[in-house]
Amino acid sequence: MRAFDYIPAKTVDEAVALLAEKGDQAKPLSGGTDLIVMVREGRRQLDLMVDVKDIPETNVLSYSQETGLHLGAAVPCYQIYADDEISAAYPGLADAAKIIGGTAIQGRASVGGNLCNASPAADTIPPLIVLEAVCVIAGPNGTRDVPAEQFCTGPGQTVLENGEFLVSFKIPAPKNNSSSYYLRFIPRNEMDIAVVGAGASVVLDTEKTSFVSARIGLAAVAPTPLFAEEASASLAGREVSDEAVNAAAEAARHIARPISDMRGTIEQRVHLVEVLTRRALNGAIHRVKES
C-alpha cells in the first residue's frame, strides 16, 4: 500500500478545500468499508484521504412527517433500521441497510458511501431511486442537488467533480397510502453481492385498490443502477392486480443490460429482473394494505 495523508475535516468548507487541492488524488472517507479495502489492496491510489465523519452536516439524521428525511452521507446503516419511525416511513431503505455486509459492517458503512462507491450492484441505490432521494453535493462552487438516479455514471464513476463530495440526502415525506420494498437474489444467505436487486415504491388510492403512482429501481443489471421509468409509469391509474404487476415486471425486464460473470449469466439476470420486480411491487403493495 502506498503512503498517503489522512486529514479529518471538521467543516464542509475545509473538506472541499482539501479535496480541491489534491484533485483526483484525494477521496472523502465516510464509512470507509469499500475505500479502505481498495486502498489497502492497491486498487485505488491516493495522496490524501479526507475523513468527513466529524462534519455535522454529514451526520444529520432527521425525520418529520412534513419535511421527510434528511440523511447525512456518513450516517451508518444501523442507525436507519434501528429507528422505528424511519424504518416505518422508508421500509425499502431499511430493507437494504439491513443486508449490507454483516452487523459489524453496518455499524460503519453508510448509505452515502454505498452510493459513492457506485457499484452497479449496490443495495441502497434502488431504494434511494424509488424514494426520490436527492443528493446534496458540496464543492468549490457551492452546493448542488442531483437526483439519486442520475448520480452514478458508470461502474465506480459518479457525477462528483474534483473538490466535490456528497454531504447528505433529502428524501421526501411518504405520501398517504404509500410504501416501499427492496430485495435481492444472492447465491449465499448473507454477506454477498446481489446477482440482481429490485426496489419498488407504490402510492395507492384511498380504497387501496388502484395505483396512483409507482417507481421501480434495479441493481446489478447494467453499468449503473437503473430507474425503470416506463415500467413505473405504466402502473399509474391501473387497478391493483396480478395483471398490472406482471406487465410492469415484464417492462422492467426489457431495460436490463446485464453481463455474465462469476455470480450469474445474462439469461439468469434478465429472468430475475422480472421475478424480483414482481416481488418488490407486491411487497410494497402488501405493506400499504397492512398499514
Hits in the stretch 221-279 (condition: surrounded by fewer than 20 Cβ atoms within 10 Å (Cβ to Cβ), in contact with a Leu (Cβ under 7 Å, 6 or more places away or on another chain) and assigned to a helix (DSSP H, G or I)): Ala244, Arg279
Test: residue in the stretch 203-214 that is hydroxyl-bearing (Ser, Thr, Tyr) and not in a strand (DSSP E or B): yes
Inter-residue pairs, beta-carbon under 6 Å, first among the β-branched types (Val, Ile, Thr) and in the stretch 96-117, second in a loop (DSSP other than H, G, I, E, B) and surrounded by fewer than 22 Cβ atoms within 10 Å (Cβ to Cβ), 6+ apart: Ile105/Thr33
Scope the stretch 1-25; condition outside any helix (DSSP H, G or I) and free of Cβ contacts under 8 Å to residues at least 40 places away in the same chain; matching residues: Ala3
Failed item in (1) surrounded by fewer than 19 Cβ atoms within 10 Å (Cβ to Cβ); (2) under 21 Å from Leu160 (Cβ atoms), with Asn114 passing the rest: (1)
Some residue of the stretch 84-96 being more than 20 Å from Ser64 (Cβ to Cβ) and of a type in the set (Gly, Ala, Ser): yes
Pairs with Cβ under 6 Å, 6+ apart, first in the stretch 248-269 and under 20 Å from Val202 (Cα atoms) and at pLDDT 95 or above, second among the basic types (Lys, Arg) and open to solvent by 20 Å² or more (accessible area, probe 1.4 Å): Ala249/Arg278
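The values are calculated or read from the model by the stated rules, or taken from the named source; none is laboratory data. Because the structure is a prediction, the values reported are computed rather than measured. Cβ sites come from the backbone with ideal geometry, for glycine too, and all protein chains shown count toward neighbours. Heads up: the accessible areas ignore ligands, DNA and RNA and are worked out on the full protein's heavy atoms, side chains in. Shrake-Rupley method; radii C 1.70, N 1.55, O 1.52, S 1.80 Å.
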